[in-house]
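What follows is calculated from the coordinates using simple rules that are stated; it is not laboratory data. Bear in mind that the values here come from a model prediction, so they are computed numbers and not experimental data. FYI the Cβ positions are ideal-geometry reconstructions off the backbone, even for glycines, and counts take in every protein chain you see.
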Amino acid sequence: MHNYSYRWRLASCFIACLFVALMACKKETEYRNEPVQALHSFSITAGETILEAAIKDDSLVVYWPWPVLLPETISPVISLAAGASISPASGTAVPLTTGTRYTLKKEDGSEQVYYLKLVNNWPALDTRYIKNTVNSGRGERLNLSGLRYFIGDKEKTSMSLISRINGEETPLNIETITDRTIGGRLPQTLPIDTDYDQGHWVKLVNAGRTLEMKEYIIYIVY
């Protein structure tokens with residue numbers, strides 16, 4: 001009888017300890033639950049494509065595709081958890097620039113700030129011209145072809161000559177432009193080159209990207 005009572009107390013103690021351990025595990029599991037993400041998605045229309053921003057810490061990273069032109073503003077569509085709000089609100093036009101700020105207010109009243117980060121995935125300007133020398137004259141037209149990753153838009157393009165002597169920049173009037181070619185008029189004020197070390201190279205700026213063709217030399221000889 002004594003042995004039975006001892007075994008019963010031992011079993012009861014084991015069950016009680018097991019119950020306490022299970023409850024502790026449950027509490028620990030509940031404590032380690034990850035918080036619900038209040039900002040579900042942040043999407044932007046880019047041409048015919050819908051871009052989804054990557055939400056990383058306090059950044060909304062937007063990878064902008066080639067060859068969609070960068071607009072000045074965007075109107076993101078933002079999806080939030082129930083009870084959350086964000087400012088500026090979904091659909092509001094904001095500048096498409098790194099640093100544009102969003103303030104998210106969660107259901108519990110706490111706030112989190114996010115910043116837009118723009119990553120331009122456009123390739124660098126390129127050309128099939130590597131080395132060349134061109135003799136030309138004042139008032140003549142300088143034509144370049146073989147351009148790659150080029151946007152044929154005058155409003156987003158500048159063409160100029162850079163002096164090999166002093167680095168002075170002389171803008172050219174763009175007369176023709178396509179997605180592969182550009183033509184600009186050489187000013188009448190350019191000095192005549194009389195030495196090999198003189199001359200100019202061509203500088204192109206197109207949709208925020210710059211190409212300096214330092215080994216493509218223009219000599220003004222008349």
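Residues 110, 85 in ascending order of nearby Cβ atoms (within 10 Å, fewest first): 110, 85.
Pairs of C-alpha atoms in the stretch 33-77 farther apart than 13 Å represent 60 percent of all such pairs.
From the P(r) of the stretch 39-120, can you give the percent of Cα pairs sitting at distances over 20 Å?
The proportion of pairs with Cα distances above 20 Å equals 26 percent.
Calculated on the alpha-carbon coordinates, the convex hull of the stretch 75-156 measures out at 150 cubic angstrom per residue.
With bins 5 Å wide beginning at 0, the percent of Cα pairs of the stretch 98-220 falling in each bin runs 2, 10, 18, 19, 14, 9, 6, 4, 5, 4, 3, 3, 2, 1, 0, 0. Sites listed here are trypsin sites (Lys or Arg not before Pro) in the stretch 120-159 whose DSSP assignment is loop and whose Cβ has at most 14 other Cβ atoms within 10 Å: 128, 131. Which values of log₁₀ I(q)/I(0), to two decimal places, follow from the Debye formula for the stretch 174-222 at q = 0.21, 0.24, 0.31 Å⁻¹ with a uniform point scatterer at every Cα? Per q value, in the given order, log10 I(q)/I(0) is -0.89, -1.05, -1.25.
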